[in-house]
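Reading through the structure tokens given below for one structure.
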Amino acid sequence: MLSLQNAGKRFGPRVLFMEANWLIRAREKTALVGANGTGKSTLMKVLAGLEQLDYGQAQQTRGMSIGYLPQEGLQLTGRTVFEECLTVFDELREMEKEIERLGGQLAVLEHAGPEYEAVAERYSMLQERFHTLDGYALDAQVGGVLTGLGFGKEDWGRLTDEFSGGWQMRIALAKLLLAKPNLLLLDEPTNHLDLETRNWLEDYLRTYPFGYILISHDRYFLDVTIDRTVEIWNKRLNIYQGNFTKYLSQKDERRTQLQSAYRNQRLQIEHLEAFINRFRAQATKAKQVQSRIKELEKIERIEIPEEEPIIHFKFPQPPPSGRTVVEAEGLAKSYGPKQVLSGVNFTIERGDRVALVGVNGAGKSTLIKLLTGDEAPTAGSVRMGHNVVSEYFAQDQYKVLDGEARMLDDISGAALKVPEQALRSLLGCFLFTGDDVFKPLGVLSGGERNRYALARILVSPSNFLLLDEPTNHLDMRAKDVLLGALAAFSGTVVFVSHDRDFIDRLATRVLEVGDGTVTSHEGNYEDYLRRKEALAAGESAPEAVAKGRQPEDAAAAANEDASEANGSEADAAPKDRMRRLNPIKQKQMEERCVFLEEETPRIEAAIAHTEEQLGVYVSAEETQRLSRLAGELREQLAAFTAEWEDLMMQLDGQAALNG
């Protein structure tokens with residue numbers, strides 16, 4: 001279908017890949033993966049015919065059609081959304097016009113004449129072909145794809161010029177899906193899609209009749225849509241059978257084998273070099289030495305490239321807030337005649353990891369802004385709990401940054417008490433190294449500025465994080481590190497993300513925003529989907545959730561859902577009655593207790609060391625610094641101790657309930 005033979009490509013003096021051999025067969029569903037900068041998008045452009053190889057060749061089957069969706073940069077103008085999508089079928093529409101014209105001719109021609117027979121034959125052939133190509137259902141096809149990609153019927157008649165860049169990319173994706181080329185090349189197709197639209201695209205691709213190649217940083221999306229993984233690593237293409245999870249397992253095995261081969265080769269080289277150096281000066285060994293030199297020259301050296309640098313950080317553990325972090329009562333928000341939220345009630349408690357889900361435009365970002373106080377409610381109230389300190393990361397956080405300010409100066413201004421070296425270390429964790437820290441923020445790309453804005457938040461400790469799309473512009477490895485930091489964070493997190501895997505692994509609760517309401521669902525996104533499917537199928541929610549849980553979790557989940565169903569009994573119970581915890585949240589509390597138990601002795605040791613240093617006078621400034629440090633450590637120890645005691649009380653209560 002399409003193949004690369006000994007293919008190579010450079011970017012300036014740097015080789016992206018070389019000696020690449022890849023046979024792309026019909027109907028193969030492939031992921032193209034690799035570290036940032038290895039040349040994935042460049043290789044996609046080569047396959048699409050938009051760039052040429054520097055070495056080797058690319059060959060494709062005659063008549064093969066290829067459709068390519070870049071990451072960004074497309075701009076469609078001059079037509080309505082529906083008309084733009086119909087341009088995919090220009091050939092069919094011309095065929096339809098010819099069928100109509102021929103039908104008109106048949107109505108006036110003499111049936112017995114030779115011209116009638118020729119027109120009738122052409123008319124019959126075109127009709128059959130038009131029917132085979134499903135030409136009578138073009139409008140239905142376009143409507144189905146546009147609806148799946150989140151366009152309401154009211155959008156179909158709007159000009160494409162009216163839509164933002166993200167929606168422009170959706171229109172381009174709709175055209176590709178409708179065209180159904182033999183090979184689809186999709187570079188980050190989920191970048192501008194919400195969760196519901198991603199779910200639709202997953203289903204569409206699973207039934208796509210031809211082959212496709214995807215670049216994506218969404219682990220779950222890849223797992224359910226591909227059966228082959230091609231990785232650019234060590235300047236070579238490495239092919240793995242199976243989905244993304246299987247690829248990771250096979251890659252670990254392959255790297256272990258490569259490291260073993262590298263060690264064996266080093267031993268061989270060292271042995272040959274030792275022999276050559278030892279006997280080089282002896283005439284009687286000249287023949288053996290020359291033989292060893294030739295053997296050494298023939299060895300093709302194994303290289304193990306350095307792994308891509310990973311973002312390493314953990315959130316500063318803040319002083320604990322009260323048990324109730326935020327409470328919304330009768331919350332409503334409207335913009336002119338448009339009602340976004342109406343009569344919303346919910347409570348968020350300390351330690352919750354709350355995912356806000358819903359289609360684009362449902363009001364997720366509006367709800368976050370109401371929680372931060374950036375927006376005032378039209379009606380109702382949002383009340384913060386005791387000792388709650390919030391921090392907000394917006395989708396367009398980079399826009400509020402001063403483009404003229406140098407990075408290091410800007411972050412120093414936000415953290416006056418933090419030493420410069422510590423700030424530089426933090427920026428290094430976010431891949432800003434060396435002279436990067438002296439760059440003006442205005443010269444950074446949008447993705448880099450958002451990454452910097454996330455780093456800037458870390459120097460301002462808070463116990464309530466509100467994050468709107470924090471994983472945008474992060475690759476998989478960076479997402480994993482962010483996920484680990486949030487999981488170990490002792491505070492409360494409310495976040496919006498369109499990354500299914502990220503939500504599944506982090507959320508302990510889901511708030512569904514839609515139709516002006518907010519509905520709470522315990523558990524992660526998987527549990528939320530099961531409840532939704534159960535309601536659609538007429539089952540009870542506990543029954544559906546229990547299907548997807550481990551046997552030991554099913555009983556606890558059923559008890560939890562049953563208590564939700566018996567609302568009248570719960571309302572009658574005392575407010576301070578112990579609630580049964582979600583198993584995911586209980587596990588996180590237990591892990592947090594272990595962390596606190598391990599961290600407390602370290603803090604105590606640091607306090608003892610600081611007090612010992614205070615006993616030796618160096619200077620007034622050093623004494624003041626050590627005194628401040630000792631005070632901060634004592635405050636942290638007190639906070640950790642209080643948090644540990646509170647967690648143990650809750651866990652003991654759960655043990656009593658379960659006993």
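The values are calculated or read from the model by the stated rules, or taken from the named source; none is laboratory data. Everything numeric here is computed off the predicted structure, so don't read it as measured data. Cβ coordinates were reconstructed from backbone atoms using ideal geometry, including for glycine residues, and neighbour counts include every protein chain displayed.
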Original post:
Yes or no: residue 423 at pLDDT 80 or above, over 24 Å from residue 321 (Cβ atoms), in a helix (DSSP H, G or I) and within 27 Å of the chain's Cα centre (by Cα)?
Top reply: yes
Original post:
Can residue 52 be described as surrounded by fewer than 15 Cβ atoms within 10 Å (Cβ to Cβ), modelled with pLDDT of 90 or more, farther than 20 Å from residue 141 by Cα and under 47 Å from the mean Cα position of the chain (by Cα)?
Top reply: yes
Original post:
Taking the range 443-460 only, how many residues are among the hydrophobic types (A, V, I, L, M, F, W, C) and surrounded by fewer than 17 Cβ atoms within 10 Å (Cβ to Cβ)?
Top reply: 1
Original post:
Which fully enclosed strands (runs of 3 or more DSSP E) of the range 19-78 have 2 or more residues being within 26 Å of residue 206 (Cα to Cα)?
Top reply: 29-34, 66-69
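For every residue, the table says whether it meets (1) within 18 Å of residue 65 (Cβ to Cβ); (2) in contact with a helix residue (DSSP H, G or I) (Cβ under 9 Å, 6 or more places away or on another chain); (3) surrounded by fewer than 20 Cβ atoms within 10 Å (Cβ to Cβ).
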| position | (1), (2), (3) |
| --- | --- |
| 169 | no, no, no |
| 178 | yes, yes, yes |
| 186 | yes, yes, no |
| 193 | no, yes, no |
| 200 | no, yes, yes |
| 208 | yes, yes, yes |
**OP:** Please find, within the range 287-309, the residue that is modelled with the highest pLDDT out of those that are exposed (fewer than 13 other Cβ atoms within 10 Å of the Cβ) and within 15 Å of residue 262 (Cα to Cα).
**Re:** 299
Original post:
Among 513, 481, 493, which is the only one that is at pLDDT 90 or above and over 24 Å from residue 386 (Cα atoms)?
Top reply: 513
Subject >> Test result for residue 316, under 28 Å from residue 461 (Cβ atoms) and at pLDDT below 95 >> reply: yes
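One line per residue, one yes/no per condition, for (1) farther than 30 Å from residue 199 by Cα; (2) part of a strand (DSSP E or B):
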| residue | (1), (2) |
| --- | --- |
| 326 | yes, yes |
| 354 | no, yes |
| 382 | yes, yes |
| 388 | yes, no |
Subject >> Those residues of the range 408-442 which are within 11 Å of residue 456 (Cα to Cα) and of a type in the set (A, V, I, L, M), in sequence order >> reply: 408, 411, 414, 415, 423, 426, 427
Original post:
Name the residues in the range 413-444 that are in contact (Cβ under 8 Å) with a residue 12 or more places away in the chain and among the basic types (Lys, Arg), would you?
Top reply: 424, 439
Original post:
Considering only the range 592-620, how many residues are of a type outside the set (A, V, I, L, M, F, W, C) and free of Cβ contacts under 8 Å to residues at least 12 places away in the same chain?
Top reply: 8
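Conditions (1) at pLDDT 50 or above; (2) part of a helix (DSSP H, G or I); (3) under 22 Å from residue 508 (Cβ atoms), marked per residue:
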| position | (1), (2), (3) |
| --- | --- |
| 552 | no, yes, yes |
| 556 | no, yes, yes |
| 561 | no, yes, yes |
| 593 | yes, yes, yes |
| 600 | yes, yes, no |
| 607 | yes, yes, no |
| 612 | yes, yes, no |
Original post:
Which residues, counting only those in the range 1-18, are surrounded by 16 or more Cβ atoms within 10 Å (Cβ to Cβ) and either among the basic types (Lys, Arg) or part of a helix (DSSP H, G or I) (or both)?
Top reply: 9
**OP:** Mind listing whichever residues of the range 245-262 are surrounded by fewer than 14 Cβ atoms within 10 Å (Cβ to Cβ) and under 15 Å from residue 228 (Cβ atoms)?
**Re:** 245, 249
**OP:** With the condition kept exactly as written, say whether any residue in the range 369-380 is surrounded by fewer than 19 Cβ atoms within 10 Å (Cβ to Cβ) and of a type in the set (A, V, I, L, M).
**Re:** yes
Original post:
Just checking, how many residues over the range 144-178 are free of Cβ contacts under 8 Å to residues at least 40 places away in the same chain and of a type in the set (Gly, Ala, Ser)?
Top reply: 4
Subject >> Considering residues of the range 328-352 that are small (Gly, Ala, Ser) and assigned to a loop (DSSP other than H, G, I, E, B) only, the residue surrounded by the most Cβ atoms within 10 Å (Cβ to Cβ) >> reply: 351
**OP:** Might you check whether a residue that is more than 30 Å from residue 632 (Cβ to Cβ), hydrophobic (A, V, I, L, M, F, W, C), out of contact with any Pro (no Cβ under 6 Å at 6 or more places or on another chain) and in contact (Cβ under 8 Å) with a residue 60 or more places away in the chain occurs anywhere in the range 454-475?
**Re:** yes
Original post:
Of everything in the range 614-659 that's basic (Lys, Arg) and surrounded by 13 or more Cβ atoms within 10 Å (Cβ to Cβ), which residue is modelled with the lowest pLDDT?
Top reply: 625
Original post:
Is one or more of the residues making up the range 108-131 at positive phi and not in a helix (DSSP H, G or I)?
Top reply: no
**OP:** Run residue 469 past the list (1) surrounded by 14 or more Cβ atoms within 10 Å (Cβ to Cβ); (2) within 26 Å of residue 72 (Cβ to Cβ); (3) modelled with pLDDT of 80 or more; (4) more than 17 Å from the chain's Cα centre (by Cα) and report the number of the one that doesn't hold.
**Re:** (4)
